[in-house]
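K.L.:
Take a look at the following structure, please.
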Amino acid sequence: MSLVTNIRTLQEIDDEAAALQAALSDLDARLAHSPALQSAEETYTAADTRHRELQRNQRNLEAAIANLNARIQPEERRLYDGSVRSPKELTAIQHELELLRAQRSQLEDQLLQIMEQLEEATTIRNQAETHLTQARAARAQELQQLQHRRDDHAARLAEAHARRQALAATIPPANLRLYEDIRRRRGQAVARIQGSSCTGCRVTIPESVRRKAFDPTALAQCPNCERILYVG
């Protein structure tokens, strides 16, 4: 094989390795994070937080109502058991009972609203929990598939590196350094001569350079972009 053919093959291997490395980086990112699972977790957390908050509000209202009942019942007994005979004191007890009962009624209305909200929140939380369970199962399956693909890409990348190492050993060090320097600066180090132009930069190639590109032992370079040229 000619020198330029080896370098073209080297570029193909490097392109293949770069694509595999990019794919591996993407797979690693997908293995590390799942937007779908994160969304399901956040939705469940929000629903569960709301559910707990309403439960806490319900308990607080029930405790407040129980406290009012504890205050109302003794006063009711005093009002009706005949132990209090003073009209003035009876009026005061009745007034106090009216205030306590009004407070209790207000709290009971609030409790009813909370219970209705809690019923709805329980449904939403249960749905979010079901969705989260499904998302976790899907993620577990996805992780297996992603890991399998990653293992395959890693093996192919290792094989590409081995092929590159073997091929690079056949290329004179100075030519290899030239190729790698151009690739670093230009992205693509090798370009085809199409007609009389370099496909890398579209500049016309002198005839002397074009003839040199046919030499299997030499490397012809575009005078404009410096890419290594080949004919074919």
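K.L.:
Given a cut-off of under 8 Å on Cα pairs at least six residues apart, what relative contact order in percent is computed for the chain?
P.N.:
Computed value for the chain: 31 percent relative contact order.
K.L.:
In the chain, carbon and sulfur make up what percent of the accessible area (probe 1.4 Å)?
P.N.:
50 percent
K.L.:
Suppose R0 equals 22 Å; then what is the FRET efficiency for E41 and R156 from their Cβ-Cβ distance, rounded to the nearest 0.05?
P.N.:
My answer for the efficiency is 0.05.
K.L.:
Still on this model: Give me the 1.4 Å probe accessible area per residue for the chain, excluding ligands and nucleic acids, in Å².
P.N.:
Here the per-residue accessible area is 62 Å².
K.L.:
Relative contact order for the stretch 19-140: what is it in percent, counting Cα pairs under 8 Å that are at least 6 residues apart?
P.N.:
Result for the stretch 19-140 is 48 percent.
K.L.:
If ligands, DNA and RNA are left out, what is the accessible area of R71 with a 1.4 Å probe, given in Å² to the nearest 10?
P.N.:
That residue has around 110 Å² of solvent-accessible surface.
K.L.:
Under a GNM of the chain (C-alpha, springs under 10 Å), which listed residue has the highest mean-square fluctuation: S34, S25, S83?
P.N.:
S83
The values are calculated or read from the model by the stated rules, or taken from the named source; none is laboratory data. Just so it is clear, the model here is predicted, and its values are computed rather than measured. Cβ: placed from backbone, ideal geometry, glycine included. Neighbour counts: every protein chain shown. Ligands, DNA and RNA are stripped out before the accessible areas are found, and what is left, the full protein with its side chains, is counted by its heavy atoms. Shrake-Rupley method; radii C 1.70, N 1.55, O 1.52, S 1.80 Å.
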